[in-house]
Amino acid sequence: MSITEAAHPVTPHTIAPRVVKRDGRVLPFDEARISAALSQAFVAVYADLTEDHQDTIATLTQRVSDLLAARYFDNVQIHEIQSVVEHELLESGERRVARAYIDYRTERDVARSKSKDLNHAIVGLLEKDSTLVNENANKDADVFNTQRDLTAGVVGKAIGLRMLPPHVANAHAKGDIHFHDLDYHPYAPMTNCCLIDFETMLGHGFRLGNAQVEPPRSIQTATAQITQIIANVSSSQYGGCTVNRIDELLAPYARLNYAKHAAEAATWIEDPARHDDYARERTTKDIYDAMQSLEYEINTLFTSNGQTPFTSVGFGLGTDWYEREVQRAILRVRLTGLGAEGRTAIFPKLLFTLRRHVNLEPEDPNYDIKTLAVECAAKRMYPDVLNYDKIVELTGSFKAPMGCRSFLQGWHDADGNDVVVGRMNLGVVTLNLPRIALESGGDRAAFWRLLDERLTTVDDALMYRVARCKEALPANAPILYVHGAFGERLSPDADVDTLFRDGRATVSLGYIGLYEVAAAFYGGDWETTPGAKDLTIAVLQRLQAAAREWTARSGYQVSVYSTPSESLTDRFCRLDKERFGSVADITDKDYYTNSFHYDVRKNPTPFEKLDFEADYAQYTSGGFIHYCEYPVLHTNPRALEAVWDYSYDRIGYLGTNTPIDRCFECGYAGDFNPTARGFRCPECGNSDPQTCDVVKRTCGYLGNPQQRPMVRGRHAEIAARVKHLPGSVRADDAAAGVGTATTPDGA
């Protein structure tokens, strides 16, 4: 008898001791964890569990629980629990199972150690570990500057894990949560994504490096300054940035061009009736040239982190001649494409705003621009659409997302003015929802208990992100804090927290795998099962309630965010498959479903999909997007317009997935066939990246896997495995397993 048993005689079923985790947390004992660990060990030995095996597991679980209650009066360490489990397995004659249990625990200990081991990380990079070099489809891992950034990234991750609170680092390493962008933060107190205050910077001038930049006097100079600002902002943060309402932003500078040309006309053209025509014609060309330069410059920029800056451009609400010409030029430039071949531009992401009485109906003044936007989306996938009234309803005011899908909430300054630009997101922590469902073993009460437990860890992780961002000095990122990108112009030693607190910035509670949660309780075809959708909505309501509670307590706006997931669709599922085996409709797919999206393997009509998903975004107003899948739309843009119109009163943000691959050898345009090494033209068999243009949407934005030799095979492999509509590619969820940008919030 142990000293504890002698001092505190107890009987079985006494209240179990509390468990001291490796990271120092003290949590209630949960025998379901013992049962899950035993089940995993039995599966490792016997593959399939018989009824006798299940009875043995139940008996062993009860014996372990009773022994722990009898031996430990107060707290029990993890290693002590493991010793009891191993002893009971050996006592029961299950020596092979005991060995499997011990081996698994050893592997987990080694994995935890490696996650913080800098040498291990660098060796993985040198050996081109796909989880490192393929994490970001926006980075070409073959070029020197990207390789240097990847090297810095593995160092940043290793140091960052050591900086995190131990229980947060442990939860990230295990895959309970994902602390996004560890290659940048918390190693540096960098922010995530933002809406740059271009209006103030252009209007009042700004400093860039050693130069004081004066306000532009033409639209060409204005767009050149915008690209310079984007490049510098993108090098000072790790997420995306957006030019909000660019048509209205640039209209004043286009007017300067018109005034110049009108003066020329007055000087050289005798007939006054021709002056306006001349000035408009010249200004139209200036606007087109400026927007073409913007597109080329963004696609040829490389930031200090070795990638094209993730940039979005919002437009569509302006109704005067200059604003309409900017809108028209953006779309015409995108339709024309890049280079002599007219390749599809990857950036900037185009965001066209639909608004009733502006461009929605044929009688609206900008309906012709909408028609051009539909044609552009049918041929180039962009623009995505923002539905004005629904965005206001969901987020509190109208604004474009920051980069990909991260939305700021409505916020007013001390004078009551609605402030949109100059605001930012401080980072994302994503919750692995399918793991909670798997751990609960079908027990609904256990699911909610585990969810609340994980949310406590996410809360700590998010508040750590905020605390770390507050440690930045304005001098660390002058373009952001001193020269106006974040709206205010702080002194070099000011407190940056003035730009974050009271709802001005957001920090995001992300999630992944809502589909798999319902599948765990209701099976893979749960979409039409009574009660199943209610469960998924209840999960998001719980996340929303937690975010509101944390916001009220901390003074920082916590938003619920439908994470783009990027390589996380693969990482979480891979870790859970190692732990729980191949579980039908959950881990057997080798990816988890992004956001609240309809199961990617099924074929709802666009209208059915929008109706199904419309209920979710109100609970995830910090970040959301919907997609619809189509066959080739080149000759039927009206079908796309019908979906846009249907979406207007239902959802806020809609993207188009349609095949737009092109072969420059035979002229084929449509959907290339995935192969083991990439993609091939179905007409002539061409697979040369130099003579074909393969563009897929991955997690919210476009990518060209054919141009990335490290990732194209994996991308094609997943695309080939997933069932999809004829001629379409379901890239948002399935192909996302390749990994895309490090910008968690779409940022």
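Just so you know, all these numbers are worked out from the coordinates, no wet-lab data involved. Predicted model only: the values in this text are computed from it and were never measured. Note: ideal-geometry Cβ built from the backbone for every residue, glycine included; neighbour counts use all protein chains shown.
Cβ crowding within 10 Å, taken as a proxy for footprinting-reagent exposure, orders Asp30, Asp247, Asp570 from fewest neighbours to most as Asp30, Asp570, Asp247. What's the Kirkwood radius of the range 413-521 in Å, using all Cα pairs? Averaging 1/r across every pair of different Cα atoms and inverting gives 16.3 Å.
Which order do the peptides 392-402, 484-494, 259-269, 663-673 take when ranked by the mean count of other beta-carbon atoms within 10 Å per residue, highest first? List each step's numbers first, then the result.
Working: 392-402: 21.4, 484-494: 19.1, 259-269: 14.1, 663-673: 17.2.
Output ranking for 392-402, 484-494, 259-269, 663-673: 392-402, 484-494, 663-673, 259-269.
The ranking of Lys609, Lys602 from fewest to most other beta carbons within 10 Å of each one's beta carbon is Lys602, Lys609. Each residue of the range 281-291 was assigned a 3J(HN,Hα) from its phi angle through the Karplus expression (A = 6.51, B = -1.76, C = 1.60, θ = phi - 60°), giving 4, 5, 5, 4, 5, 4, 5, 4, 4, 5, 6 Hz with x at Gly and Pro.
Per-residue 3J(HN,Hα) values for the range 220-230, derived from phi via the Karplus relation 6.51 cos²θ - 1.76 cosθ + 1.60 with θ = phi - 60°, read 5, 5, 4, 5, 5, 5, 4, 5, 5, 5, 4 Hz in sequence order (x marks Gly and Pro).
Considering only the range 274-392, what is the antiparallel percent among its DSSP beta bridges, to the nearest 5?
Numbers: 1 of 9 bridges.
Taking every DSSP beta bridge within the range 274-392, about 10 percent pair in antiparallel fashion.
The convex hull built on the alpha-carbon positions of the range 615-690 has an orientation-averaged projected area of 7.2 nm². Taking all C-alpha pairs of the range 21-86, those more than 13 Å from each other amount to 65 percent. In the range 498-573, the ratio of gyration radius to Kirkwood radius, Rg to Rh, stands at 1.09 when only Cα atoms are counted. Taking θ as phi - 60° and the Karplus parameters 6.51, -1.76 and 1.60, the scalar couplings of the range 162-174 work out to 6, 7, 5, x, x, 6, 6, 4, 5, 5, 5, 4, 6 Hz in sequence order, x denoting glycine and proline.
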